Structures are given as structure tokens and as C-alpha cells.
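Taking it in order: structure first as C-alpha cells, then the write-up.
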Amino acid sequence: MEEIEILIIGDVDLEMVERAVKKMENLLKIKARIDFCKENPDYAYNKGRGQYISGEIIKRINSERDSQKVLGIVDLDLCTPVLTYVFGEAQLDGKAGVVSLYRLREGSYGEPEIVFERFYKELLHELGHLFGLTHCSLKNCVMNFSANVKQIDLKGEQFCEACLDKLKSKLRERK
């Protein structure tokens, strides 16, 4: 059975992560192991933007972790050199990715369930990228691109049939 490392980086809501990971394990029939990195990723901080460069966090995960697939979880404002902000980023068919809770609270009116649903969708989305899935054109598929939280809210928390077939095929290849 495939095992994924979920790496909590810095101060993150552990209960939310554990709940999402359990749900993901049940959906995908894969095992996840939660590990911790207490230090904040100051190496990725861009003073000019006041944000953290997601690619720098991914590089560090790549170089310091031994697992085949690692998804970092942060509660920091992430960006890329070309995007104002991102909810997450992952190497396509690669080893490492990162998801942030930071902007998922936007417009949630303090409702933890809304934040959880958004986080779960983004967790699945970035894991999909790690297993080689690209963005899907179907609006309800979790692999559909989301530029803002409203788009996350509108998409489903499942993979469409085509994306799920591709993912299952990738998982079978790894056994």
C-alpha cells in the first residue's frame, strides 16, 4: 500500500489535518504518516512581498525528506514568482508539494467546516499533482484549477471518473 508523508511545518491545526488525512486515506485507499517540522520556513520568506515562496519550501522538502511522496502543510501566506498567492503547489508526478491553510479562511465567517472542506479539496488537488494529474476542465472535479476560495467552494471533493482512473492507475504502478 502506498504511503504518503504529511509534513506539518510550523504551527498548524493538527486536528483538521488528521481529519482530512483520514478522509483522504479512506477515499484513495492509501496510507499516510503525519510528521512534524516545528521550525517556520524562514528560508522561503520574501521580505519584499511579505509572503513565503512555495517553491522554496518544496525544494527543502525534496532535499531533506526520504519518503517517496511528501506533502507539507503550512499556515502561511504562499506565493510563486508569477502568482500573487497560491493555496498550494506540487511537483507534477514528483516527490514534494505544499498546501497552506492561510487563505482558505477568507470569507469563511469563522466557520471551521468551510475551512476544513476547502483544505480537504486542496489536499486532494495537490496529491493529484504529485501522482501526475494535471488540471481538469470539469468544474466539479477536485483537480479543477481554483484561483480563489469561491472556486474551491464550487468544486466537488471528489475526482471525476477520468482523473480517478488515472490516479488509480498511477497507484497500481507503484505497488
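The values are calculated or read from the model by the stated rules, or taken from the named source; none is laboratory data. Bear in mind that the values here come from a model prediction, so they are computed numbers and not experimental data. With ideal geometry, Cβ positions are generated from the backbone for all residues, glycine too; neighbour counts draw on all protein chains shown.
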Worksheet, complete the sentence: With criteria (1) crowded, with 23+ Cβ neighbours inside 10 Å; (2) modelled with pLDDT under 95; (3) of a type outside the set (Gly, Ala, Ser), LYS168 comes up short on (1)
Discussion item. So LYS121 ticks every box in (1) at pLDDT below 95; (2) closer than 18 Å to LYS23 by Cα; (3) not hydrophobic (A, V, I, L, M, F, W, C) but one. Which box is left unticked?
Written reply: (1)
Practice prompt. Kindly check whether there is at least one residue in segment 42-64 that is touching a His at 6+ places or on another chain (Cβ under 6 Å) and modelled with pLDDT of 95 or more.
Written response: no
Worksheet item: Where residues in segment 52-90 are of a type in the set (Val, Ile, Thr) and either part of a loop (DSSP other than H, G, I, E, B) or out of contact with any strand residue (DSSP E or B) (no Cβ under 9 Å at 6 or more places or on another chain) (or both), which of them is farthest from VAL115 (Cα to Cα)?
Response: VAL82
Worksheet, complete the sentence: Subset of segment 1-29, residues more than 14 Å from the chain's Cα centre (by Cα) and aliphatic (A, V, I, L, M), comes to MET1, LEU14, LEU27, LEU28
Worksheet item: Within segment 81-118, restricting attention to residues that are of a type in the set (Ser, Thr, Tyr) and surrounded by 14 or more Cβ atoms within 10 Å (Cβ to Cβ), which residue is modelled with the lowest pLDDT?
Response: SER108
Practice prompt. Would you be able to say whether some residue in segment 7-14 is part of a loop (DSSP other than H, G, I, E, B) and in contact with a helix residue (DSSP H, G or I) (Cβ under 8 Å, 6 or more places away or on another chain)?
Written response: no
Item to complete: Output yes when any residue across segment 137-152 is in contact (Cβ under 8 Å) with a residue 12 or more places away in the chain, in contact with a Ser or Thr (Cβ under 7 Å, 6 or more places away or on another chain) and either within 20 Å of ARG103 (Cβ to Cβ) or not β-branched (Val, Ile, Thr) (or both), and no when none is.
Response: yes
Item to complete: Evaluate segment 109-127: report whether one residue or more is in a helix (DSSP H, G or I), of a type in the set (Ser, Thr, Tyr), in contact with a helix residue (DSSP H, G or I) (Cβ under 6 Å, 6 or more places away or on another chain) and under 25 Å from ILE53 (Cβ atoms).
Response: yes
Item to complete: Scan (1) buried (at least 19 other Cβ atoms within 10 Å of the Cβ); (2) of a type in the set (Val, Ile, Thr); (3) modelled with pLDDT under 95 for the single condition ILE30 breaks and write down its number.
Response: (1)
